[in-house]
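Here's the structure, in structure tokens; my notes come after.
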Amino acid sequence: MVSATLVEPTDELYQDFVAGVALLEEELDVTLITRSERNGIKKGREQGREEGRRRSIMDFAEARFGAPALELEAALERVSSPDALKRLTRLAATAASLEELLEAVRAESAG
Amino acid sequence: MENRAACSGREVIALGRIRHDLDLAWKEALTSFLPQFLQLFLPHVHEDIDWTHTPEFLESELRSLHRGLRGRRQHADLVVRVRLRAGGPALVVLHFEVQSQRDDDMPVRVRLYNGRLFDRHRCPVYSLLILGDSGPGWRPSRYQSRIWDCCLTLDFPVLKVLDWKPRRAELEASGNPFALVVATHLAAMETRPDQDARVHKALHLCRLMATHGFTGEQVYGLFKVLEAMMAMTDELYQDFVAGVALLEEELDVTLITRSERNGIKKGREEGRRRSIVDVSEARFGAPASDLEAALERVSSSDALKRLTRLAATAASLEELLEAVRAESGR
């Protein structure tokens, strides 16, 4: 706390500082989360997001185009960039046909 | 000067986190290894407790005790209700305060908690102060207030971790897991987070933990305590992780792997929730803070799978939200 009054950091740094202190205060009274667990959480979060997005794309495709799209599933396995998966999730909701979606997935997995 | 300013903000945070983790580590250790702790440091207390009754950890109560006390909590504490063997009062409340920096208000604090706990439980309250600081001279063990001929004194036992420094070999050889908790605290006091020596000591302690014949659960508990007590810079932490991986292979144990796995499980749930929110936002547009809040209460992975599907197929945000609430109500 003392540091906040002694120095005049830039806005950005100050926000960072305030966020850090808030984090600490929020963490009081919680159970211990170790560094390796935190690292695991980070990894897991990414994995879960990817899984969830792939699942959603499949669900969209099945709900909209009916067919159980095994080709789609196989092509999706090769897409791992989070941004690409996000784009494809949107496309799955709006594409006019399964072919359009499949083509886009293949393009992403090749890139 | 600007650079200095940038450092001090972050350093405050980093230091705060290290201290907080150290305190939490003690709390975790006392919770996991209470009988072993008492056996090692307070055998007379251990002997009088009837261990056939499970000790009752009073965590939620502690929070309400803090209300109205000035300042942020800077120390960890633990309150446990135990039953005694025949011959004494049936119930006793054990109250542990852990303090790793000098704080001259400590006696007042012990007196306050001791009094509040007595008010609530009307049974003897045993307050123990655990001092993890590095100043050999600081050992408060009495609270006293006197006005005219009315005097109140509270004498409380103190455990100074530093006193065990000369007995390190004994601690490291002990079959009591808590001996390694204290050895770890001593090692953390002697090495700094940016010293190679810290990595070596930490790995040495990991080896002891894994080879003393403790149960898998105990080893994992000790490892968590070690990780929290022995904070390291990012660079040294990488060395530590590599060293632990070798140990895991050599001794066929899981230390970091297990901890990471736990984290991954938690993280995956979070990721799943996030993807449900993403899909919902993409389809229904509105930023769904209700949805996020309701999802926080769903942790079953099957339920999250069902909800992922529903996010893609539900006709409206309301339909999805209702389903999430139904799952979280379970």
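The values are calculated or read from the model by the stated rules, or taken from the named source; none is laboratory data. On a predicted model such as this, the values are computed, not experimentally measured, just so you know. Because the Cβ atoms are built from the backbone with ideal geometry, glycine has one as well, and the counts that use them run over all protein chains shown.
General remarks:
- Whenever a residue of segment B:15-26 is facing another protein chain (nearest Cβ under 7 Å), its partners that are in a helix (DSSP H, G or I) and β-branched (Val, Ile, Thr), lying with C-beta atoms within less than 9 angstrom and at least six residues away or across chains, give the pairs B:GLY16/A:VAL21; B:ALA25/B:VAL181; B:ALA25/B:THR184; B:ALA25/B:VAL225.
- Of the helices (runs of 4 or more DSSP H) lying entirely inside segment A:49-111, the ones with 2 or more residues being farther than 21 Å from B:ARG283 by Cβ and within 20 Å of the chain's Cα centre (by Cα) are found at A:70-77.
- Members of segment B:263-290 that are more than 8 Å from chain A (Cβ to nearest Cβ) and of a type in the set (Gly, Ala, Ser): B:SER280, B:GLY285, B:ALA286, B:ALA288, B:SER289
- Restricting segment B:188-226 to residues that are assigned to a helix (DSSP H, G or I) and basic (Lys, Arg) leaves a set whose member that is nearest to the other protein chains (Cβ to nearest Cβ) is B:LYS224.
- Given (1) among the small types (Gly, Ala, Ser); (2) surrounded by fewer than 21 Cβ atoms within 10 Å (Cβ to Cβ); (3) at pLDDT 85 or above, index of the condition A:ALA63 fails: (3)
- Residue count for segment B:165-185 satisfying the condition of being surrounded by fewer than 19 Cβ atoms within 10 Å (Cβ to Cβ) and aliphatic (A, V, I, L, M): 2.
- Residues of segment B:15-57 satisfying the condition of being assigned to a helix (DSSP H, G or I), within 16 Å of the chain's Cα centre (by Cα), hydrophobic (A, V, I, L, M, F, W, C) and over 12 Å from A:LEU32 (Cβ atoms): B:ILE18, B:LEU34, B:PHE37
- A single member of B:ALA231, B:ALA294, B:ALA315, B:ALA286 is outside any helix (DSSP H, G or I) and surrounded by 20 or more Cβ atoms within 10 Å (Cβ to Cβ), and it is B:ALA231.
- Qualifying residue in segment B:241-254 (condition: farther than 19 Å from B:ALA29 by Cβ, surrounded by 23 or more Cβ atoms within 10 Å (Cβ to Cβ) and among the acidic types (Asp, Glu)): no
- Odd one out for B:ARG146, checked against (1) without any contact (Cβ under 8 Å) to a residue 12 or more places away in the chain; (2) among the charged types (D, E, K, R); (3) not in a strand (DSSP E or B): (3)
- Taken over segment A:42-53, the residue count meeting the criterion of being more than 7 Å from every other protein chain (Cβ to nearest Cβ) and surrounded by 22 or more Cβ atoms within 10 Å (Cβ to Cβ) is 0.
- Condition met for B:SER141 (exposed (fewer than 14 other Cβ atoms within 10 Å of the Cβ), at pLDDT 95 or above and in contact with a strand residue (DSSP E or B) (Cβ under 9 Å, 6 or more places away or on another chain)): no
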